[in-house]
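The values are calculated or read from the model by the stated rules, or taken from the named source; none is laboratory data. Note that the coordinates shown come from a computational prediction; the quantities given were computed from them, not determined experimentally. Note that we place each Cβ from the backbone using ideal geometry, even for glycine, and neighbour counts take in every protein chain shown. Protein only, heavy atoms only, side chains kept; ligands, DNA and RNA dropped before computing areas. Shrake-Rupley method; radii C 1.70, N 1.55, O 1.52, S 1.80 Å.
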Protein chains: 2
Amino acid sequence: MNSRAASPADQLDPAALLKLDNQLCFALYSTSLAMTKVYKPLLARLGLTYPQYLVMLVLWEQDGLTVSALGERLFLDSGTLTPLLKRLEAQGMLLRARSAEDERQVIVSLSETGRALREEALAVPQAVLCATACTIPELQTMTAELQLLRRKLGEALLKT
Amino acid sequence: MNSRAASPADQLDPAALLKLDNQLCFALYSTSLAMTKVYKPLLARLGLTYPQYLVMLVLWEQDGLTVSALGERLFLDSGTLTPLLKRLEAQGMLLRARSAEDERQVIVSLSETGRALREEALAVPQAVLCATACTIPELQTMTAELQLLRRKLGEALLKT
DNA sequence: TGCAATTAAATTGTGTGCAATGTAATGTTC
DNA sequence: GAACATTACATTGCACACAATTTAATTGCA
């Protein structure tokens, strides 16, 4: 028998670590999916999916970014962004144009429609805030914790 | 001018709420994707994707569940699970069989291979724990917070 | 200058998520 | 007990994610 006391809740026991409800990864994964479901009806009114909304959020902050700059901001690659941006372009939300200085780059810029959509989007965070049933400080704390975790995971990935 | 002081960090300002880095949803979404990337090489050795791993975690806890019971546990529907389970079955990890009592139900049970895979999987949480560079209590706290948020979002979804 | 190495997007292929629909089995009601 | 509703799963279609590869433009360097 171990010198350390064993218990069902013991988080260092490999078997306990394997339980679904003890795993941060699953809490993260399932909560992220739940969040997307909350956004879905709100964004449907704007004609956007959740990843498309993220792209618009970035462009509303800074217009005229390249695909790779968008990707760095969102942690997504061209394989995800290229078709997504094409759909947004087809909807008339933005324009994609090869850069004149560097023909390899594609500059993504908002259309008038896309820029105007920001006004409609201003109501979205409030509605989500309400759905979370959390206070602003609670949300800020959790956001900061997740950003820190994301950074640590990113660093771990580099070492791989 | 408002009676309340305005500042760039003001979280009640609709424009500030729309900033990408102020949004919990994006922290959640991007961190969940980063977590999946950390799992990827670890699970590749087991021949599993991350959602497939989640199914195996559930079955290692309780074998012989129906598709809908698996779905309730993982917050996924049959449109996601059916093809995923078929792939796991094709890999020889599990068996799918119509229930004798109720022919509408499909019982999912581990194969010997699938049950044996648990031994290999025991090392996975440790490796992820290491990648997070967090202490166990930190992870437990964040997991509990996320589970609470998931519950609140689930309740908000019912009201829709 | 010439050309290999690098870089930026796009493309391809696989595997989810999920809404909407289909199908077959089971319950329910009169 | 026959018609109808409900349930459980499967299927279809669309939109991500992302690894791997391709294509085209730029850079670096001998």
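The table below gives the values:
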{"item": "Wholly enclosed helices (runs of 4 or more DSSP H) of region A:13-129 bearing at least 2 residues hydrophobic (A, V, I, L, M, F, W, C) and more than 15 Å from DNA strand D (Cβ to nearest atom)", "result": "A:14-17, A:24-44, A:112-121"}
{"item": "Pairs where the first residue, in region A:44-60, is touching a residue at least 40 places away in the same chain (Cβ under 8 Å) and the second is more than 10 Å from DNA strand D (Cβ to nearest atom) and open to solvent by 40 Å² or more (accessible area, probe 1.4 Å), C-beta under 6 Å, 6+ apart", "result": "A:Leu46/A:Glu120; A:Trp60/A:Arg118"}
{"item": "Region A:97-134, subset open to solvent by 40 Å² or more (accessible area, probe 1.4 Å) and in contact with a Lys or Arg (Cβ under 9 Å, 6 or more places away or on another chain), residue nearest to A:Val55 (Cα to Cα)", "result": "A:Ile107"}
{"item": "Tally of residues being among the charged types (D, E, K, R) and more than 14 Å from chain B (Cβ to nearest Cβ) across region A:99-134", "result": "5"}
{"item": "Residue, least open to solvent (accessible area, probe 1.4 Å), within region B:135-156, restricted to residues that are more than 18 Å from the chain's Cα centre (by Cα) and at the interface with chain A (Cβ under 7 Å from one of its Cβ atoms)", "result": "B:Ala156"}
{"item": "Long-range neighbours under 9 Å by Cβ, at least six apart or interchain, first residue over 19 Å from B:Ala34 (Cβ atoms) within region A:61-86, second among the charged types (D, E, K, R) and within 8 Å of DNA strand D (Cβ to nearest atom)", "result": "A:Thr66/A:Asp102"}
{"item": "Qualifying residue in region B:75-98 (condition: touching a Leu at 6+ places or on another chain (Cβ under 7 Å) and within 11 Å of another protein chain (Cβ to nearest Cβ))", "result": "yes"}
{"item": "Every residue from region B:62-78 that is under 19 Å from B:Arg118 (Cα atoms) and either buried (at least 17 other Cβ atoms within 10 Å of the Cβ) or small (Gly, Ala, Ser) (or both)", "result": "B:Gly64, B:Leu65, B:Leu70, B:Arg73, B:Leu74"}
{"item": "Every residue from region B:9-56 that is facing another protein chain (nearest Cβ under 8 Å), out of contact with any Asp or Glu (no Cβ under 8 Å at 6 or more places or on another chain) and among the charged types (D, E, K, R)", "result": "B:Asp21, B:Lys37"}
{"item": "Near pairs, Cβ below 6 angstrom, 6+ apart or cross-chain, from region B:136-156 (within 12 Å of A:Leu146 (Cβ to Cβ)) to any residue that is surrounded by 16 or more Cβ atoms within 10 Å (Cβ to Cβ) and among the hydroxyl-bearing types (Ser, Thr, Tyr)", "result": "B:Leu146/A:Thr31; B:Leu149/A:Thr31"}
